[in-house]
Every structure is written in C-alpha cells, then in structure tokens.
Amino acid sequence: MTDEKDNLKRIDAVLLLIRDERIAQDHEWGAVTIHGHSPYVWMMLIQRQLGQVAAEVIAMKNAPGNNHEANWQAARHNLIQAAAVMAAFIEDVDLFVEHMETDGD
C-alpha cells in the first residue's frame, strides 16, 4: 500500500507542477480561447518543447562524464512546459467541441 501512496504523491506533485505552468502560460500569453490556435500551431508549440528535451538528451549522450544534472533539470523543465502546452491544446479542443454542441442546438 505504501508504494501506491508514494506513487500517487509523485503523480500529484508532477500534475501540480504542470498546473502551475499552465497558469503561468495563461498569465504570459492569455487564456485559451476557442480558435486561439489552429491544431497545426498547437503541434508546432508542443514539438518545439519536445525538441528542447531531445537536445538535452543528445547533449548528455555526447558529453563526457556522468554529471548531467543541469541537462536533466533543463529536460524536466521542458517536459513540464510541453505537458502544460498539451493541456492547453486539450482545453482548446474541449472549447471547440462545446461550441460545436451548442451551435447544433
């Protein structure tokens, strides 16, 4: 049971970081609105963040030694940002679907 509790604590901690990043993104760029971005723009934003993660992973592979804490921290930061952008994309999809359902009435 302790393993499950520990796992849930880790999950909650990560989701809290993603939520905080979503809030920060709203403060910086504005809240998600219907048709705020096309799906192509959302995918570009997500790919950009994942590309930064890939760059850190490649840097670790190509760098001598085993001390890659800065790379892992940068990769982690970009993963959180990517997850928050993905959450914003989901919000946008939900708004679009909701709008489609209310227009169909």
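Laboratory data are not the source of any read-out in this text; all were calculated from the coordinates shown. None of the values given here were measured: they were computed from a predicted structure. When we count neighbours, we look across all protein chains shown, and the Cβ atoms used for this are built from the backbone with ideal geometry, even at glycine.
Data table
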quantity	calculated
Rounded FRET efficiency, nearest 0.05, which uses the C-beta distance separating residue 97 from residue 11 and R0 of 22 Å	0.25
Given charges at Cβ of Lys, Arg, Asp, Glu: the range 2-103 dipole, positive-most of 81, 51, 38	51
Helix 2-29 axis, angle to the chain major axis (alpha carbon atoms, nearest 10°)	60 degrees
Contact order normalised by residue count of the chain, Cα under 8 Å, 6+ apart, percent	39 percent
Theoretical gain in end-to-end length, residue 68 to residue 29 [0.36 nm per residue, Cα-Cα removed]	10.9 nm
Degrees between helix 69-103 axis and first principal axis of the chain (Cα, 0 to 90, nearest 10)	10 degrees
Pairwise Cα inverse-distance average, inverted: Kirkwood Rh of the chain (Å)	15.9 Å
Point-charge dipole on Cβ atoms (K/R +1, D/E -1) for the chain, about Cα centre, debye to 20	700 debye
Spatial separation of Cα centroids for the range 73-105 and the range 1-58, in angstrom	9 Å
Nearest-ten-degree value, helix 39-62 long axis tilted from longest Cα axis of the chain	0 degrees
